[in-house]
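Q: Got a structure for you, questions after.
Derivation of every value follows stated rules applied to the coordinates shown; laboratory data play no part. Keep in mind that what you see is a predicted model, and the values were worked out from it rather than measured. Note that we place each Cβ from the backbone using ideal geometry, even for glycine, and neighbour counts take in every protein chain shown.
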Amino acid sequence: MSNQFAGTPGATDLLTLNRAATVARLLAGVAHEVNNALQVIGGTAELLQITPGLPASVAEGLQRIAVQNARAATALQEVLLFARQKIDVTVTTNLREVANRSAALRAFAIGRARLTIAVDVPTSGRFLVKGNDGLLQLAVLNLIVNAEQALAGQNGGAIRLQLEEAPGYVVLRVSDNGPGVEGAAAEQLFDSFFTTRPREEASGLGLSAARLAVEQCGGTLTLLTREAGACFEMRLPAAS
């Protein structure tokens, strides 16, 4: 088991927090510069789309660039809002869209790691919850990344997202077929700075941040008991 931090923060914890705060400030500046670059890319793509005689394949490619550029710009704005402002958690969010979008965002990294991800999301049903879209996506992404790290180097590693409606709730489970979580580690799994991996590979903040994000939206995040692998259940009150 690697370094474990619990209870009152020590010197190492404070140094980590200070570094995290510094990185957050730097990232805000980087996000601003990247956003400026995205505006140039998006504007250029729009101008090129109106070029006379443009081949259909090129026009289609430029349209994809414009769509992805707009999505990246929106994501950056959400990060900046998350860092600087109080987030509205009373809005209605479609958890099915959050699950699909989160899986798509990690698809390239998962494929490169020779893992697979499956999204078992019914096409019918509302799956609407009261909660901030950005916060919930942060939580789902952290759960997916946690599963990726657990499956690192494993042949046949698979991640699965399952969504279902329960009376008064919408439930999302993120599971993997990795080594699972030992009993002792399970008790501290959501503690800040706790990790079972080397400190250079993990900060120990992913799961605690995911739980905090879900709780801010009025939900719960728990580790379910399994014979093999790990399964995290996100349970959120359904929107009326």
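Q: Once label points are set 7 Å from the Cα along Cα→Cβ at both residue 58 and residue 104, what is their separation, rounded to one decimal in nm?
A: Each label point lies 7 Å from its Cα, and together they span 2.7 nm.
Q: Okay, moving on. Under a plain spin-label model, where a point goes 7 Å from the Cα along Cα-to-Cβ, how far apart in nm are residue 92 and residue 222?
A: Each label point is offset 7 Å from its Cα along the Cβ direction, giving 2.8 nm.
Q: Here's a follow-up. How large is ³J(HN,Hα), in whole Hz, for each residue of region 135-146 in order, when computed from phi with the Karplus curve 6.51 cos²θ - 1.76 cosθ + 1.60 and θ = phi - 60°, using x for Gly and Pro?
A: Running phi through 6.51 cos²θ - 1.76 cosθ + 1.60 with θ = phi - 60° gives 5, 5, 5, 4, 5, 5, 4, 4, 5, 5, 4, 4 Hz.
Q: Ranked from highest to lowest mean number of other Cβ atoms within 10 Å per residue, what is the order of the peptides 94-104, 47-57, 33-43?
A: Details: 94-104: 19.6, 47-57: 9.6, 33-43: 13.4.
The peptides rank, most packed first, as 94-104, 33-43, 47-57.
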